[in-house]
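Remarks on the structure that follows.
The values are calculated or read from the model by the stated rules, or taken from the named source; none is laboratory data. Please read these numbers as outputs of a predicted model, since none were measured by experiment. Ideal geometry is used to build each Cβ from the backbone, glycine not excepted, and the neighbour counts take in all protein chains shown.
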Amino acid sequence: MKTDTFLQGLIYAALFGAGTAAGAYLMVPVPPVPITLQTLFLYLAGALLGGRLALLSQVVYLILGIIGLPVFAGGKAGLGVLFGPTGGYLIGFLPAAYIVGKWNEMLKAPSFSMVLLSMIAGTIPIYVLGVLQLCFVAKLGVGKAVSVGMLPFLIGDGIKIVVATLLAQRVVGHLRFRGKNND
């Protein structure tokens with residue numbers, strides 16, 4: 001990879017990591033739970049940057065929070081957040097970004113439905129790791145953890161996935177690092 005392309009990819013990864021951080025503060029106040037826009041930036045990173053750079057963008061995001069910047073939802077920060085009840089969701093951002101990105105790398109001409117499906121697939125590890133950690137840390141049964149840690153967020157996540165897919169389809173020709181371009 002050329003040095004200028006490599007540096008540009010790193011800059012985009014850092015920007016999407018910062019976007020994910022900003023997304024923790026961008027909330028849509030709808031009942032029963034407000035919707036933050038963190039995963040919107042994660043989905044866009046995956047669709048536009050490919051697996052490795054999308055993963056890197058979320059590593060940047062987590063490092064910002066771990067070192068003490070208040071970038072997690074609710075202005076939280078620190079390594080303790082990752083070990084708390086909601087830490088599994090944040091850890092799930094890593095495989096989610098990679099899955100969305102890798103899936104989109106494999107597409108020659110990403111259609112709306114395939115980009116949408118990649119984002120749905122990327123959401124699975126967020127919920128799985130989030131619910132498992134919620135069970136473990138909050139000592140909840142699986143049913144209770146699903147009812148409080150997943151079900152209330154499904155509609156909001158569905159909306160974010162559709163919006164991210166639409167945005168990615170609009171931007172894809174202008175910003176795209178995938179496949180061999182980001183190895």
- Message: With of a type outside the set (D, E, K, R) and either surrounded by 15 or more Cβ atoms within 10 Å (Cβ to Cβ) or modelled with pLDDT under 95 (or both) as the only criterion, which of Gly179, Gly158 stands out?
- Response: Gly179
- Task: Return yes or no: is Pro32 modelled with pLDDT under 95 and either over 24 Å from Ala168 (Cβ atoms) or of a type in the set (Phe, Trp, Tyr) (or both)?
- Result: yes
- Hey, any hits in the range 35-50 for a residue that's within 12 Å of the chain's Cα centre (by Cα), among the β-branched types (Val, Ile, Thr) and assigned to a helix (DSSP H, G or I)? yes
- Message: Regarding the range 123-130, can at least one residue be identified that is surrounded by 15 or more Cβ atoms within 10 Å (Cβ to Cβ) and free of Cβ contacts under 8 Å to residues at least 12 places away in the same chain?
- Response: no
- Extreme residue, farthest from Phe41 (Cα to Cα), among residues of the range 75-85 that are in a helix (DSSP H, G or I) and touching a residue at least 40 places away in the same chain (Cβ under 8 Å): Phe83
- Message: If I filter the range 22-34 down to residues being among the aliphatic types (A, V, I, L, M) and assigned to a loop (DSSP other than H, G, I, E, B), which single residue comes out as nearest to the chain's Cα centre (by Cα)?
- Response: Ala24
- Note on the structure: Only one of (1) over 15 Å from Tyr43 (Cβ atoms); (2) at pLDDT 95 or above does not apply to Met106, and that is (2)
- Examine the range 94-108 for a residue that is of a type outside the set (D, E, K, R), surrounded by fewer than 21 Cβ atoms within 10 Å (Cβ to Cβ) and farther than 20 Å from Leu10 by Cα, and state whether such a residue exists. yes
- Scanning the range 62-89 residue by residue, the ones that are hydrophobic (A, V, I, L, M, F, W, C) and within 23 Å of Leu151 (Cα to Cα) total 5
- Subset of the range 51-74 [farther than 20 Å from Tyr98 by Cα, in contact (Cβ under 8 Å) with a residue 40 or more places away in the chain and over 14 Å from the mean Cα position of the chain (by Cα)]: Leu69, Gly74
- Is it the case that some residue within the range 161-182 is among the charged types (D, E, K, R) and assigned to a helix (DSSP H, G or I)? yes
